[in-house]
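Heads up, the thing below is written out as structure tokens.
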Amino acid sequence: MKKKHFALLAAIALIALANSGCGYNTLVEKQQNVRAKWANVEATLQRRADLIPNLVAAAQMAGIQEQEVFGQIAQARSQLLNATQGDPQNRTPEQREQIIQANQNLSSALGRLLVLVENYPTLRSNESFLKLQDEIAGTENRIAVARQDYNAAVQDYNTTRNQFPMVLVAGLFGFKEEPYFRAEEGAREAPRIDPNALRRNNANSNAR
């Protein structure tokens with residue numbers, strides 16, 4: 001029984017050695033693809049982070065005084081920027097997971113601000129604010145596309161990595177699983193502006 005067990009282990013070791021060269025190169029290629037797609041994700045996240053201070057400033061100028069929300073946005077943005085320092089193509093899976101979580105926190109805080117904006121019809125009808133909001137909505141779409149491309153690359157890499165005998169090669173050379181870019185349901189949906197609602201709100205304001 002022990003001989004059979006030893007023979008099985010020896011056969012597995014031989015298979016791993018025979019496939020290590022080819023397997024290593026395959027994993028490197030797919031891992032590099034993941035890193036390239038992730039760099040595109042970070043580029044869109046950076047653009048979004050750059051636009052948010054202008055959105056907050058416009059809201060403050062319009063008289064929105066909810067400092068708790070502004071503080072949450074500032075903190076979440078700071079966490080995201082700190083997490084994204086360095087070369088995006090050399091992130092560990094753990095570092096990517098940290099950035100994904102920081103982005104979710106920022107999405108949640110930004111969503112609360114946009115809900116507050118719905119109570120300020122003057123701000124919602126302001127041309128410069130609407131233009132800025134459109135810029136952020138466009139960035140959200142870019143994030144969605146970049147996230148899909150990244151997740152497709154991660155699926156390809158993780159599937160290859162976890163198949164036998166590639167999983168032995170991955171363990172031998174330290175190739176870790178990559179995290180998927182998860183998004184909260186509806187987190188990146190831009191609020192819809194109803195022109196009829198704007199006209200009704202403005203009419204009510206004038207009547208007062």
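Read-outs throughout are calculated quantities, based only on the coordinates presented, and are distinct from any laboratory measurement. Everything numeric here is computed off the predicted structure, so don't read it as measured data. Cβ sites come from the backbone with ideal geometry, for glycine too, and all protein chains shown count toward neighbours.
Here are a few things to note about the model shown:
- Distance from the alpha carbon centroid of the range 27-64 to that of the range 155-182 works out to 27 angstrom.
- Where labels lie 7 Å past Cα in the beta-carbon direction, separation of GLU127 and GLU29 in nm: 5.4 nm
- Among the GluC sites (Glu not before Pro) found in the range 23-71, those both in a DSSP coil and sparsely packed, with 16 or fewer other Cβ atoms within 10 Å of their Cβ, are GLU66.
- Calculated FRET efficiency for the pair PHE173/SER78, C-beta based, R₀ 30 Å, to 0.05: 0.25
- Couplings 3J(HN,Hα) for the range 64-79, derived from phi with the Karplus relation 6.51 cos²θ - 1.76 cosθ + 1.60 (θ = phi - 60°), are 6, 10, 6, 5, 4, 5, 4, x, 5, 5, 4, 5, 5, 5, 4, 4 Hz, where x marks Gly and Pro.
- SER108 versus ALA39: modelled label distance in nm, points set 7 Å from Cα along the beta carbon direction: 3.2 nm
- Segment GLN60-ASP87, extension gain: residue separation times 0.36 nm, minus the distance between their alpha carbons: 6.3 nm
- Approximate spin-label separation ASN141-GLN67, in nm, with each point projected 7 Å along Cα-to-Cβ: 3.8 nm
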